Amino acid sequence: MDSARSRQAPGDAPDWQGWPPEAASRYRDAGYWTDELLGDIVRRQAAARPEATALVDGERRWSYAALEREIAAVTRALHGLGLRRGDRVIVQLPNVAEFVLAWFALQRLGAVPVHAMPAHRRSEIDHLARVTGAVAYVVPDRHARFDHRSLAVEIREARNAVRRVIVVGDAGGHPDLVPFEALRQDDGPPPGGEPPDPGDLALLLLSGGTTGTPKLIPRTHRDYAYNARAAAEICRLGPETVYLAVLPIAFNFTMSCPGILGTLRAGGTVVLAPNPSPATALRLIERERVTLTAVNPPLVPHWLAEAEETRPDLTSLRVLQVGAARLPDEWARRIGPELGCRLQQVFGMAEGLLNLTRLDDAEEIVCTTQGRPISPGDEVRVTDEDGRPVPDGAAGELLTRGPYTLNGYYRAPRHTRAHFTEDGYYRTGDLVRRLPSGHLRVVGRVKDQINRGGEKIDATEVEEHLLAHPAVASAALVAAPDGELGERTVAFLVCAGPPPSARDIAAFLRERGVAAYKAPDRVRSLREMPLTPVGKIDKRALRALTHHAAP
Ligand SMILES: O=C(O)c1cccc(O)c1O
């Protein structure tokens with residue numbers, strides 16, 4: 001059954017929409033979909049190459065055999081805590097080995113990790129807990145000067161469904177918190193229970209969002225395994241691959257493009273970078289003989305500067321992937337000569353469609369496009385405002401469907417209707433030009449989203465928080481061009497009394513439990529909002545104002 005799945009009472013809307021049966025059989029026949037389960041990736045490599053290094057986190061190292069043992073232990077322990085097939089579990093961890101252990105253990109149980117980001121706070125996590133009905137929440141003790149244990153206790157008190165909180169690090173002897181370390185020691189018999197089906201929901205990713213609250217993206221075992229496999233083939237991964245995870249581990253880019261899953265599937269080694277600092281990453285490349293890694297555009301000039309200054313040995317590095325936001329062509333051209341590796345541009349989305357430049361693409365293509373779809377099964381349309389296809393070379397909205405692109409958001413039927421065509425294409429909201437070769441150039445977007453150096457910010461979500469401020473009568477968040485991040489955020493406010501400062505607004509949002517990266521970089525007050533002829537806030541006029549002198 002691939003068309004719709006539900007764990008709700010009959011008659012209710014399904015939680016999410018799968019592929020139409022005709023498409024599903026096409027994807028199986030073409031060999032895109034197999035019966036591979038995500039939970040078997042490490043098991044298979046542990047049988048083939050038990051002694052090879054699978055995972056490195058600081059001074060801690062795991063062979064495939066050791067990783068397999070610990071995943072089995074954590075699987076048993078989580079089963080013992082009552083987790084079962086279909087249960088949702090919010091996982092909010094930085095780049096630590098425990099993410100990998102917990103993630104694969106959840107896959108084996110058929111439980112569904114919900115990929116929260118370390119920067120998320122009460123507002124985002126509470127929303128995820130409410131929508132998913134999560135039964136457990138996995139957190140670090142502290143990270144980036146934030147105590148996740150107190151947030152977890154708050155969430156547990158607010159959301160009765162969240163029965164277990166598991167803490168990586170110091171659980172502080174708190175009776176309600178389960179130390180992750182204890183799960184690793186479990187040596188009971190393997191748990192029973194139904195194994196997952198390859199068509200089951202395997203994970204929930206977060207979308208950048210465009211309408212107020214983060215939307216959840218359902219990914220299945222077979223589509224996500226295909227995503228990782230197809231990307232790994234294009235990147236020519238094998239047992240000799242050493243992948244460095246620099247960007248957040250929960251990000252789809254880091255997980256499976258080809259990232260952690262692609263590398264482990266190929267029997268390679270995953271190295272976790274504890275932070276995105278260029279000095280840390282370049283030292284790890286040298287020490288671990290890293291062959292592949294991935295960054296976002298704002299990191300590129302910092303990597304180039306650090307490499308120039310400290311001259312680390314980067315001879316092992318074959319490919320540097322750059323994605324999450326548009327890479328300026330000038331930086332693209334410097335990567336090969338200055339880092340001595342090949343650039344691969346990456347334009348993807350947690351919703352599915354992934355575009356990569358190929359390792360044998362001409363230099364000009366690699367430096368000026370964001371790649372082409374990874375699968376022959378990806379269908380791409382570029383359309384004008386009326387939904388009519390535009391010719392190659394003309395700008396239009398990118399629409400797509402295919403073997404690893406969602407057919408609808410999780411528990412969001414209205415949002416799904418707004419973002420899919422009748423014939424099942426996902427409207428990405430990205431404006432692209434397609435070359436005759438199929439390569440895409442990203443030229444802008446039609447959705448109300450801001451890309452702050454790779455952090456996707458939903459303007460509507462932030463505006464709703466701004467409107468809750470007692471002094472604010474009207475609010476609009478827009479992007480201003482920025483040399484470093486590509487875009488920064490500017491909040492335009494109409495206020496009844498004295499307008500709050502950017503700092504006041506940041507404190508107000510923090511108080512409301514909103515992730516810090518969503519606080520506006522600048523706040524400007526207006527006497528009144530410019531309006532379009534139909535009476536909506538004229539964001540184009542506001543964007544034009546951001547080009548003029550800063551206040
Ligand atoms: O934003 C991207 O470009 C991106 C790339 C790879 C994977 C993703 O999920 C992405 O959002």
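Percent of Cα-Cα pairs per 5 Å bin, from 0 to the last occupied bin, for the stretch 303-445, please list those. Going from the shortest bin to the longest, the percentages are 2, 9, 18, 19, 17, 12, 9, 6, 4, 2, 1. Net charge dipole, the chain: roughly 560 debye, given to the nearest 20, about the Cα centre with Cβ charges of +1 for Lys and Arg and -1 for Asp and Glu. Working note: Karplus 6.51/-1.76/1.60 with θ = phi - 60° gives the stretch 336-342 the couplings x, x, 8, 9, x, 9, 8 Hz, where Gly and Pro are set to x. Here the Karplus curve 6.51 cos²θ - 1.76 cosθ + 1.60, taken at θ = phi - 60°, turns the phi angles of the stretch 350-361 into couplings of 4, 5, x, 2, 10, 10, 9, 6, 8, 5, 9, 5 Hz, with x standing for Gly and Pro.
Taking each DSSP H run with n ≥ 4 as -39500 (n - 2.57) and averaging over every residue of the chain yields -9000 deg cm²/dmol at 222 nm.
Computed over every Cα-Cα pair of the stretch 89-174 and binned at 5 Å starting from 0, the pair-distance distribution P(r) comes out as 3, 15, 30, 27, 19, 6, 0 percent.
Mean separation of Cα pairs under 8 Å and 6 or more residues apart, divided by the residue count, gives the stretch 36-221 a relative contact order of 22 percent.
If you stretched the chain out fully between SER316 and SER63, how much longer would it get, using 0.36 nm times the residue separation minus the C-alpha to C-alpha distance?
89.0 nm
Once backbone amide H atoms are built at 1.01 Å from N, LEU526 has LEU493, VAL494, CYS495 as its partners under 5 Å, excluding neighbours fewer than 5 places away on the same chain. For the chain, lysine pairs with C-alpha atoms less than 15 angstrom apart, excluding pairs fewer than eight positions apart on the same chain, total 5. Net charge dipole, the stretch 55-209: roughly 260 debye, given to the nearest 20, about the Cα centre with Cβ charges of +1 for Lys and Arg and -1 for Asp and Glu.
Relative to the 2.2 N^0.38 Å rule of thumb, the stretch 36-221 has a C-alpha radius of gyration ratio of 1.00.
Summing charges over neighbours of TYR226, with a neighbour being any other residue whose Cβ is under 12 Å away from its Cβ, gives 0 when K and R count +1 and D and E count -1.
Quick one: grab the alpha carbon gyration tensor of the stretch 449-548, order the square roots of its eigenvalues as a ≥ b ≥ c, and give me rounded if a/c is under 1.5, else prolate or oblate depending on whether a/b is larger than b/c.
oblate
Stokes-Einstein diffusion of the stretch 213-254 at 37 °C, 0.692 mPa s viscosity, Kirkwood radius from Cα pairs, rounded to a whole number: 268 µm²/s.
Near THR269, the amide H atoms lying under 5 Å from its own belong to THR241, VAL242, TYR243; only residues 5 or more places off or on other chains count, and H is placed 1.01 Å from N. Overall, the stretch 167-260 carries a charge dipole of about 520 debye about its Cα centre when +1 sits on the Cβ of Lys and Arg and -1 on the Cβ of Asp and Glu, all other atoms neutral. When LEU284, LEU304, LEU359 are arranged by Cβ crowding within 10 Å, least crowded first, meaning fewest neighbours, the order is LEU359, LEU304, LEU284. Across the stretch 366-373, computed HN-Hα scalar couplings (Karplus, 6.51 cos²θ - 1.76 cosθ + 1.60, θ = phi - 60°) run 5, 8, 10, 10, 9, x, 10, x Hz from first to last residue, x flagging Gly and Pro.
Packing, as the average of other Cβ atoms within 10 Å across residues, places the peptides 377-390, 123-136 in the order 123-136, 377-390, highest first. Of the residues ALA134, ILE217, ALA144, the one whose Cα sits farthest towards the positive end of the charge dipole of the stretch 36-221 is ILE217 (charges of +1 on Lys and Arg Cβ, -1 on Asp and Glu Cβ, taken about the Cα centre).
Principal semi-axes of the equivalent ellipsoid, √(5λ) from the alpha carbon gyration tensor of the chain, are 34, 29, 26 Å from largest down.
Across the options GLY192, HIS469, ILE71, the greatest Cα extent toward the positive end of the charge dipole of the chain (unit charges at beta carbon of Lys, Arg, Asp, Glu) belongs to HIS469. When the chain is described by a simple charge dipole with +1 on each Lys and Arg Cβ and -1 on each Asp and Glu Cβ, the residue from GLY340, ALA102, ALA519 located farthest towards its positive end is ALA519.
Throughout, read-outs are computed from the coordinates displayed, never taken from laboratory work. Being a predicted model, the structure only gives us computed values, none of them experimental. Glycine gets a Cβ as well: all are built from the backbone with ideal geometry, and neighbour counts include every protein chain shown.
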